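Working notes, beginning with the structure itself.
The values are calculated or read from the model by the stated rules, or taken from the named source; none is laboratory data. Bear in mind that the values here come from a model prediction, so they are computed numbers and not experimental data. Backbone-built Cβ (ideal geometry, glycine too); neighbour counts: all protein chains shown. Calculation scope for accessible area: heavy atoms of the full protein, side chains included, ligands and nucleic acids excluded. Shrake-Rupley method; radii C 1.70, N 1.55, O 1.52, S 1.80 Å.
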Amino acid sequence: MLKRILKRATLVGLICLVILGTVLFAGCTKEVEVEVTQEVVAGWASDMGGSYGGAHHYSVGTRVFELLVTKSFESEIIPKLATSWEVSDDGLTWTFHLREGVKFHDGTPFNADAVRFTLEMHHKRRPSHLGPVASMTAIDEYTLQITHTEPYATLLYPLSWSFFAMASPGAFDEKGVIVNAIGTGPFKEEEWIPKEKLVLVRNDDYWGKTPKLERITIKTIPDDATRVMALEAGEIDMIGPGGVPPEQIAVLENNPEIEVMKKTVPSVNYLALNCQKPPFDDVRVRQAIDYAVDQESIVKFVLGGFGIPLGGVASAVIDWAHPNIPVKYDIERAKQLLNEAGWIDADSNGILDKNGEEFRVSLIITSRWPALTIAEPIQAQLRNVGIIVEIQVLEAGACRKAVRAGEHDMTTDGIGFRSGNSLYRRFHSEGDMNLSRGSFFSDSRVDELTERGRGTIDQEERYQIYLEAQEIIAEETAVVPIFSQIQISAVRDNIKGYKMHPWYIVNWVDIFVAGRAEE
Amino acid sequence: MTKYIAKRLLLVFVIILGVTLLTFSLMHLAPGDPAEQIAIARYGMEEDLSQETIELIREQEGLDAPAYIQYGKWLNHALHGDLGCSLVTGESVSKEILRRFPATLQLALVSMIVSFLIAIPVGILSAVKQNSAIDYLGMTGALLGVSMPNFWLALLLILLFSVHLGWFPVCGREGIVHLILPAITLGTGMAAITTRLTRSSMLEVMGQNYIRTARAKGLAEKLVIGKHAFKNAMIPVVTIVGLQFASLLEGAVIVETIFAWPGIGRLLVDSIFARDFAVIQGCTLFIAVIFVLVNLIVDLSYAYLDPRIRYGRRRA
């Protein structure tokens, strides 16, 4: 009897519990927006925390430090910590007006003295980028003057790049190395484990637009495949610019939770010809190479479409790029030029020869992308016109040494265009990179134009000079341009606001994590 | 015994001298301009360098001095306990090595444990049940383990267990759970070799007279194998395992790269490409010392495993 009562009671109790439970949970299925922490974990290929005097990593990737000027999404130089500037009529003195009311993360005021200190520290360790500097003076609290011994038109370019980042005087040690990450930027460094991770937190006292993100963790993931898998697994939310290799794009694009972004960047890659020794000392032979190489096929088939075939040396992103230099591909014209230069297939073995010597050239490269990737199709394409290319892959140091000594006939190279002085450095007969990177190109017209360009402050005038220079460079085929790069980034779909910048700058202030409604 | 240990430890100095001298000479002979390599490692792209910066580095770091002077300076500092500063990051070399070494040690230990857990039981079982299905399975497994490239295994493990199943993290070193996939990757390769060695060693020992005697005495088979055969079979295994462990302590570069595991393998390889002499010398010195110590421990363990050696020493 008791047993039966108990049994009944338990049954009723259970039913009550079930009803209660349903009621409670029914209330819960009603939609609540989940509070989302504004934290992003990003994966980068190399350590974003910088190295020796590491400011150059911070600015572009991390926004701990800022610069006097920066580049807009359209590649124009725009004010940042300097609000305006002018150049004296003789072109020797630059006057910068600095932004007022800015403080470094350690409370030190940002003013002309601080700027002068920082620039001098950087200049000592990285000489020549700021040009032939005679003096740097703080005229008043917010005005700085830089005087040169000769007009240096491209001063704004190095000032827009990471290594001249503005750091607090307290950030440096006695050797002039930045040892404490104290800048003016929207984020502060919270923790840095070298080569592992960098943690940034929001700077609530930032002078500009306050970022939405509270914390950014940047992990160093050197292996491409691992980085992509980490994104897929949700272990990181974002892969920084250039961190997604083209082969992995298909995998990511098929994933509905991931957004893949592409951007044309200034970097270009080309085939460099050793212009100081035969056979490439003959301009007709160089031109023939340009006609024989099919840039479009290389981009389409070998780079998977991730690149833009290039006719001139400057990527379309560069403000002074020549708009009309066509990509050349014409096998018949190539053969014709080679014949004119004396290269014919006398013994009909499919290989060109001249004076009894076969057209065999060496292509000395490193294994770093995209050297080998473009070297092989080039080798095949040149074989079609009767040229044998022997590819030699060397370790980076060995390759540099061989190229510097001029042991090669061809090599591959790229230009990043950061210095603003690329035409001079690469194509002037005494340009440092012309000689160290194996072109050894020499043309008196180009010499004169690039010298003039370097000293012409007026933008429009410099543009005209550079246009002419590029035309001659293309005509003389100093190098054979192949492609300009498209960089790829990827984010998980709940990360919003990221816009890829042609100069690798990450707009952390605009990025935020979108809240997702839970069912 | 103590005299023996002391003598062995003295050898450490001779070895350090030899190894670091050899390393330094090789680095010096390597092609390329060290000042340029260092500049690139410090500042990023070649484009951002000027010849002046490179010359400045050459001057500041004393790279234009003759080789024997550079080595002599380094040796002098090293003998006083100062391994110098990295030419790339400016950080103290000893600090960098000591920061990265625990990660390598952790991975090495756990990989060894994984390897043992697989290899010893499988090896013994294969030997005891020779030519049975278990034996063939064991040996095929070992063959697979030795043939698989470890980077391939690593990526597959990540793909299956991290991306698809979500059981383990992809990379990094943040918790114990991060250790598992890298340890399995390394452990499998080592287990393959150790398994085969255990099996053949056991087979050899089991064919010995004293084992027949033990059985004839009426000892349980478990004791025959576990107490008599096993210990004696372990001598060659311990040698190989010791060497494997020592080489793990050098850092498994490929696994470290794929799993973004912050060990000294990557540190050493990166510094070689950067021609960072200070770090290279410091790492090689460190690794040489570790090798000597591990070998010492292996030799001492012989004495534990084989009483003949223990008593033999005393007699001498």
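Taking a sphere under 14 Å around the Cβ of residue B:162 and counting the other residues whose Cβ falls inside, with K and R at +1 and D and E at -1, yields a net charge of -3. Element breakdown for the stretch B:22-77 at a 1.4 angstrom probe: carbon and sulfur atoms account for 62% of the accessible area. These residues, A:456, A:373, go from largest to smallest accessible area, 1.4 Å probe, as A:373, A:456. Percent of C-alpha pairs per 10 Å bin in chain B, short distances first: 5, 21, 25, 23, 16, 7, 3, 1, 0. The overall shape of chain A, judged from the alpha-carbon gyration tensor, is oblate: a/c is not under 1.5, and a/b is no greater than b/c. Note on residue A:71: aspartates and glutamates with a C-alpha under 15 Å away, same-chain residues under 8 apart excluded, are A:319. Taking a ≥ b ≥ c as the square roots of the eigenvalues of the alpha carbon gyration tensor, the stretch A:82-135 is oblate, as a/c is not under 1.5 and a/b does not beat b/c. Residue by residue, the stretch A:411-428 carries 3J(HN,Hα) couplings of 8, 10, 7, x, 10, x, 6, 6, 6, x, 10, 4, 4, 5, 5, 9, 10, 6 Hz when phi is fed to the Karplus relation 6.51 cos²θ - 1.76 cosθ + 1.60 (θ = phi - 60°); x denotes Gly or Pro. Taken about its Cα centre, chain A carries a charge dipole of about 2140 debye when Lys and Arg each add +1 at the Cβ and Asp and Glu each add -1 at the Cβ.
Charge dipole (Cα centre; +1 on Lys/Arg Cβ, -1 on Asp/Glu Cβ; no other charges) of the stretch B:28-184 amounts to roughly 1120 debye.
Along the axis of the charge dipole computed for the protein assembly as shown (Cβ charges of +1 for Lys and Arg, -1 for Asp and Glu, origin at the Cα centre), the listed residues B:12, B:251, B:280 are led at the positive end by B:12.
For the stretch B:133-147 versus the stretch A:459-519, the inter-centroid distance based on Cα atoms is 52 Å. Ordered from largest to smallest accessible area (heavy atoms of protein chains, 1.4 Å probe), the residues B:156, A:92 come out as B:156, A:92. Near residue A:175, once Lys and Arg are set to +1 and Asp and Glu to -1 for all other residues with Cβ below 12 Å from its Cβ, the sum equals -1. A simple rule links phi to the HN-Hα coupling: the Karplus curve 6.51 cos²θ - 1.76 cosθ + 1.60 with θ = phi - 60°, which for the stretch A:215-221 gives 8, 10, 10, 10, 9, 8, 10 Hz, with x for Gly and Pro.
If you take all other residues with their beta carbon under 15 Å from the beta carbon of residue A:405, and give Lys and Arg +1 and Asp and Glu -1, the sum is +1. Under 16 Å Cα-Cα from residue A:197, which lysines qualify once same-chain neighbours fewer than 8 residues away are excluded? Result set, ordered by chain and number: A:188, A:219.
In the context of the full set of protein chains, the protein assembly as shown has a per residue accessible area of 45 Å² (1.4 Å probe).
Note: relative contact order over the stretch A:106-153, using C-alpha pairs below 8 Å and six or more positions apart, is 36 percent.
In the stretch A:220-305, a dipole from Cβ-located charges (positive for Lys and Arg, negative for Asp and Glu) runs towards its positive end, and of A:289, A:234, A:246 it is A:289 whose Cα lies farthest in that direction.
Axis angle, to the nearest 10 degrees, between helix B:34-43 and the longest C-alpha principal axis of chain B: 90 degrees.
From most to least packed by mean Cβ count within 10 Å, the peptides A:214-225, B:185-196 give B:185-196, A:214-225.
Kindly provide the helix-only [θ] at 222 nm of the protein assembly as shown, computed as the sum of -39,500 (n - 2.57) over DSSP H runs of four or more divided by all residues, to the nearest 500 deg cm²/dmol?
The helix-only estimate for the protein assembly as shown comes to -14000 deg cm²/dmol at 222 nm.
Per residue in the stretch A:215-233, which ones lose no less than 30 Å² of accessible surface when going from chain alone to all protein chains (1.4 Å probe)? Residues meeting the cut-off: A:219, A:222, A:223, A:226, A:229, A:233.
Cα centroids of the stretch A:173-190 and the stretch A:411-428: 30 Å apart. Most tightly packed first, judged by the mean number of other beta-carbon atoms within 10 Å of their residues, the peptides B:124-133, B:231-240, A:237-246 read A:237-246, B:231-240, B:124-133. Here the relative contact order of chain A, from alpha carbon pairs under 8 Å that lie six or more residues apart, stands at 20 percent. For chain A, the longest principal axis of the C-alpha atoms and the axis of helix A:459-475 are separated by about 60°. For the stretch A:140-250, a/c is not less than 1.5, where a ≥ b ≥ c are the root eigenvalues of the C-alpha gyration tensor, and a/b tops b/c. That puts it in the prolate class. Averaged over peptide A:293-304, the number of partner chain Cβ atoms lying within 10 Å of each residue's Cβ comes to 0. Counting only heavy atoms of the protein chains and using a 1.4 Å probe, residue B:71 has close to 20 Å² of accessible surface.
Annotation: amide H-H contacts under 5 Å for residue A:190 (H modelled 1.01 Å from N, sequence separation of 5 or more, or interchain): A:199, A:200, A:201. By the Kirkwood approach, averaging reciprocal distances over each pair of separate Cα atoms, the stretch B:193-297 gets a hydrodynamic radius of 16.6 Å. Within the stretch B:10-36, the residues that become at least 10 Å² less accessible when every protein chain is included than when their own chain is isolated (1.4 Å probe; DNA, RNA and ligands ignored) are B:31, B:32, B:36. Which of the lysines could be linked to residue B:73 by a straight reach, that is with a Cα gap under 30 Å, when you skip same-chain ones fewer than 8 residues away? Partners found: A:124, A:175, A:195, A:401, B:7, B:95. In a simple Cβ point-charge model (Lys, Arg +1; Asp, Glu -1; nothing else charged), chain B has a dipole of about 2860 debye relative to its Cα centre. Multiplying the residue separation of residue A:113 and residue A:100 by 0.36 nm and removing their Cα-Cα distance gives an extension gain of 3.4 nm.
Could you rank B:99, A:492 by how accessible they are, 1.4 Å probe, largest area first?
Largest accessible area first, the list is B:99, A:492.
Computed extension length for residue B:80-residue B:293: 74.6 nm, one decimal, from 0.36 nm per residue of separation with the Cα-Cα distance subtracted. Averaging 1/r over each pair of different alpha-carbon atoms in the stretch A:216-270 and inverting the result gives 12.2 Å, the Kirkwood hydrodynamic radius. Listed values for the stretch A:79-89 are Karplus-derived 3J(HN,Hα) couplings in whole Hz (6.51 cos²θ - 1.76 cosθ + 1.60, θ = phi - 60°), namely x, 9, 8, 9, 8, 7, 7, 9, 10, 5, 4, and x replaces Gly and Pro.
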